1. Within the range 285-342, track down each residue that is touching a strand residue (DSSP E or B) at 6+ places or on another chain (Cβ under 9 Å), outside any strand (DSSP E or B), of a type in the set (A, V, I, L, M) and within 25 Å of residue 231 (Cα to Cα).
2. Quick check on this structure: which one of 115, 152 is in a helix (DSSP H, G or I), of a type outside the set (S, T, N, Q) and under 23 Å from residue 275 (Cα atoms)?
3. Looking for something buried (at least 23 other Cβ atoms within 10 Å of the Cβ) and at pLDDT 95 or above - is there at least one such residue anywhere in the range 45-53?
4. Which condition from (1) within 22 Å of residue 35 (Cβ to Cβ); (2) outside the structural domain of residue 288 (by TED's automatic domain parsing); (3) touching a residue at least 24 places away in the same chain (Cβ under 8 Å); (4) of a type in the set (Ser, Thr, Tyr) is the one that residue 98 breaks?
5. If I ask for residues that are surrounded by fewer than 24 Cβ atoms within 10 Å (Cβ to Cβ) and in contact with a strand residue (DSSP E or B) (Cβ under 8 Å, 6 or more places away or on another chain), which ones from the range 209-236 would you list?
6. Examine the range 247-258 for a residue that is assigned by TED's automatic domain parsing to the domain that holds residue 320 and assigned to a loop (DSSP other than H, G, I, E, B), and state whether such a residue exists.
7. Of these, 22, 9, 14, which one is touching an Asp or Glu at 6+ places or on another chain (Cβ under 9 Å), modelled with pLDDT under 95 and in the same structural domain as residue 148 (by TED's automatic domain parsing)?
8. One residue is enough: does the range 208-230 have a residue meeting the conditions at pLDDT 90 or above, polar (S, T, N, Q) and within 26 Å of residue 294 (Cα to Cα)?
Amino acid sequence: MDQHIAESLARPALIRLDDRLLCLRFETMKVVSALAAVRHLLDTGAVRRGDTLLDSSSGIYAHALALACHRHGMRCHIVGSTTVDDTLRTQLTLLGATLEQMEPCSDLKLDQKRRVQRIHQILAEHPEYHWMRQYHDGIHYLGYRTVADLIRRETGADGLTVVGGVGSGASTGALARYLRRATGATRAPHRGADVELVGVQPYGSVTFGAEHVHDPEIIIAGIGSSIPFGNVAHELYDTLHWISFDAALAGSVDLLRRHAVFAGLSAGAGYLAARHERDRSLERTVLFIAADTGHRYAETVHAQHHRATCLSDLAPREVHDQSQLALPWSRMCWNRAPADPLVTG
């Protein structure tokens, strides 16, 4: 029996959509990494119960960290994006978290930079606070070990392609790392599983060099970044898909209509990429990540179903380097290349 709701939320549903397409569906995915990270900090003595944990978030991680702090008796301070909505604000308040939300801003790059600047100001005023650094600290990989174990038990992992938003790198990167590092019952290492990793990015994200391509709608929160992230292990990724807001909307709508899975915009982008990868590799099983439910996107995405493009009319443009990127959808083989030092700083 779970001792806290966060423990239940950390367990995803693994859903078979067809013979070779699987959906790993979370109610709120980052609870997995936040719970494990806070537990690790307590176990190692880096923090103590009652301490304040601080971080920046566009939404999902704020909720996850607030839940983890509630579970472990910690204080929580969030510097939130302009995208944090009324429902989340109310939940954070009742969970005892402090939320500082940035002023409205149409430029999400500026919003992200302002949040980081505010974090540094708070730390200067409160050096006793612990900055979780979800974008840079490797402890956020830890929680995905149990998720990888679930996937391995259910699929065997060999011949598996994992598709998901890159974001901070923790979810997709951690799953690939743990799945490739397959272990037996004695935990002794043996041959790693054949697992390919496909990352999904929005246009405008600097992580894999697409900052020069502007999506007139929005940079999809949670799967891209306007600043370099230290947690992204570029060498883990085999393939990349850059997907526009409109294409991701079409994926989200089709995912609900065809499979009854009500999930967020990043799930729609992942679903679109996963269908393509399934169709081009007939011997592989493809699993994509649905990081959250569709409630935050009901009005801006699902209610716009009348303007969704039919998926059969969408196909990625195959590119060989980032200079060829173009909306609405581009695909490039990354081949587990290391990061460009100009991108990572």
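The values are calculated or read from the model by the stated rules, or taken from the named source; none is laboratory data. Everything quoted here is computed from the prediction, not taken from an experiment. All Cβ positions, even for glycine, are placed from backbone atoms using ideal geometry, and neighbour counts span all protein chains on display.
1. Once the filter is applied, which keeps residues that are touching a strand residue (DSSP E or B) at 6+ places or on another chain (Cβ under 9 Å), outside any strand (DSSP E or B), of a type in the set (A, V, I, L, M) and within 25 Å of residue 231 (Cα to Cα), the range 285-342 yields 291, 325.
2. Answer to the check: 152.
3. yes
4. Result: residue 98 passes all but (3).
5. Those that are surrounded by fewer than 24 Cβ atoms within 10 Å (Cβ to Cβ) and in contact with a strand residue (DSSP E or B) (Cβ under 8 Å, 6 or more places away or on another chain): 210, 213, 236.
6. no
7. Values: 22 fails: modelled with pLDDT under 95; 14 fails: modelled with pLDDT under 95.
Unique residue meeting the criteria: 9.
8. Within the range 208-230 (the criterion being at pLDDT 90 or above, polar (S, T, N, Q) and within 26 Å of residue 294 (Cα to Cα)), the answer is no, since none of the residues qualifies.
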